[in-house]
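One structure below.
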Amino acid sequence: MQILLVEDDTALVEALKKALVTEGFAVNSLSKGKQAVISVKTELPDMVILDLGLPDMDGLDVMRAMRKTSVELPILILTARSSLDDKVAGLDLGADDYLVKPFDVDELLARIRVIERRASSFKHSGITVGNVFLDTVSHEVSVAGEVVNMSRREFMLLKGLMENAGRVLTKGSLESKLYSWGEEVSSNTIEVHIHHLRKKLPDGFIQTMRGVGYIIKRS
Ligand code: CA
């Protein structure tokens, strides 16, 4: 799962990144609201952790802009402001949860797990395209009813493509679903994962759009 962390406190960013990566999340961080709004459109993160006190924009405006892009995107607010008004305003604008600083990292992780569970039970527990079924809760993939084994990263890659079936995803946006920024990724990593995935999936399931990216066509 790819988390976009929007926070301008670099020490906090480093600490949170470390904890989240240890838990198996891919984390991208941005310190400005404007970049974050764009990133939600282009990188399609699975969850946003949003600090309300940002240098360039009010965090609540950032959230409002993100909600225009995606109604379902889980957003967890971090705020140093403890006033009730901000919390209520945040929740009114569609935040899924909030934490008041200073908070315990374990508390944050627990809240993320709750949001994750809620999001997956909300949506549906799986995605079907053709005869491929991907279970987002059990992390199992089956082709024509037969379970296919795959690595965590292959699963995440396939999930990203199936969730966006009918849309071309660029190599860059797929990389960002699998790896945190700053993590060493060799230039052919996605090709290699796609190569392995293709062996496990029906012929032509993942199509290459030369020079653009990859697509799974809706069936
Ligand atoms: Ca701040």
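The values are calculated or read from the model by the stated rules, or taken from the named source; none is laboratory data. Please read these numbers as outputs of a predicted model, since none were measured by experiment. Heads up, the Cβs are rebuilt from the backbone with ideal geometry, glycines too, and the neighbour counts pull from every protein chain shown. Heads up: the accessible areas ignore ligands, DNA and RNA and are worked out on the full protein's heavy atoms, side chains in. Shrake-Rupley method; radii C 1.70, N 1.55, O 1.52, S 1.80 Å.
Annotations
- Residue pairs whose Cβ atoms lie under 7 Å apart, sitting 6 or more positions apart in sequence or on different chains, and linking a residue in the range 86-106 that is within 13 Å of Leu76 (Cα to Cα) to a partner that is of a type in the set (Lys, Arg), are Leu93/Arg64; Leu93/Arg67; Gly94/Arg67; Asp97/Arg111; Tyr98/Lys87; Leu99/Arg111.
- Any chance Lys34 is within 20 Å of the chain's Cα centre (by Cα), open to solvent by 50 Å² or more (accessible area, probe 1.4 Å) and within 16 Å of the ligand (Cβ to nearest atom): yes
- A residue that is within 22 Å of Val13 (Cα to Cα) and without any contact (Cβ under 8 Å) to a residue 12 or more places away in the chain occurs nowhere in the range 126-134.
- Whenever a residue of the range 49-68 is within 11 Å of the ligand (Cβ to nearest atom), its partners that are open to solvent by less than 10 Å² (accessible area, probe 1.4 Å) and among the polar types (S, T, N, Q), lying with C-beta atoms within less than 8 angstrom and at least six residues away or across chains, give the pairs Asp51/Thr79; Leu52/Thr79; Gly53/Thr79; Gly59/Thr79.
- Each residue in the range 1-31 was checked for being of a type outside the set (Ser, Thr, Tyr), within 16 Å of the ligand (Cβ to nearest atom) and part of a strand (DSSP E or B), and 4 of them qualify.
- Screening Asp46 against (1) within 16 Å of the chain's Cα centre (by Cα); (2) charged (D, E, K, R); (3) surrounded by fewer than 19 Cβ atoms within 10 Å (Cβ to Cβ) leaves a single unmet condition, (3).
- Pair list, Cβ under 8 Å, 6 or more apart: the range 9-20 residue farther than 12 Å from Val105 by Cβ, other residue open to solvent by 70 Å² or more (accessible area, probe 1.4 Å) and within 14 Å of the ligand (Cβ to nearest atom): none
- Number of the condition not met by Asn188 [criteria: (1) farther than 25 Å from Lys18 by Cβ; (2) out of contact with any Leu (no Cβ under 9 Å at 6 or more places or on another chain); (3) open to solvent by less than 50 Å² (accessible area, probe 1.4 Å)]: (3)
- Odd one out for Phe133 among (1) in contact with a strand residue (DSSP E or B) (Cβ under 6 Å, 6 or more places away or on another chain); (2) open to solvent by 80 Å² or more (accessible area, probe 1.4 Å); (3) modelled with pLDDT of 90 or more: (2)
- Residues that are among the hydroxyl-bearing types (Ser, Thr, Tyr) and surrounded by fewer than 15 Cβ atoms within 10 Å (Cβ to Cβ) were ranked within the range 71-115; the one that is nearest to the chain's Cα centre (by Cα) is Ser82.
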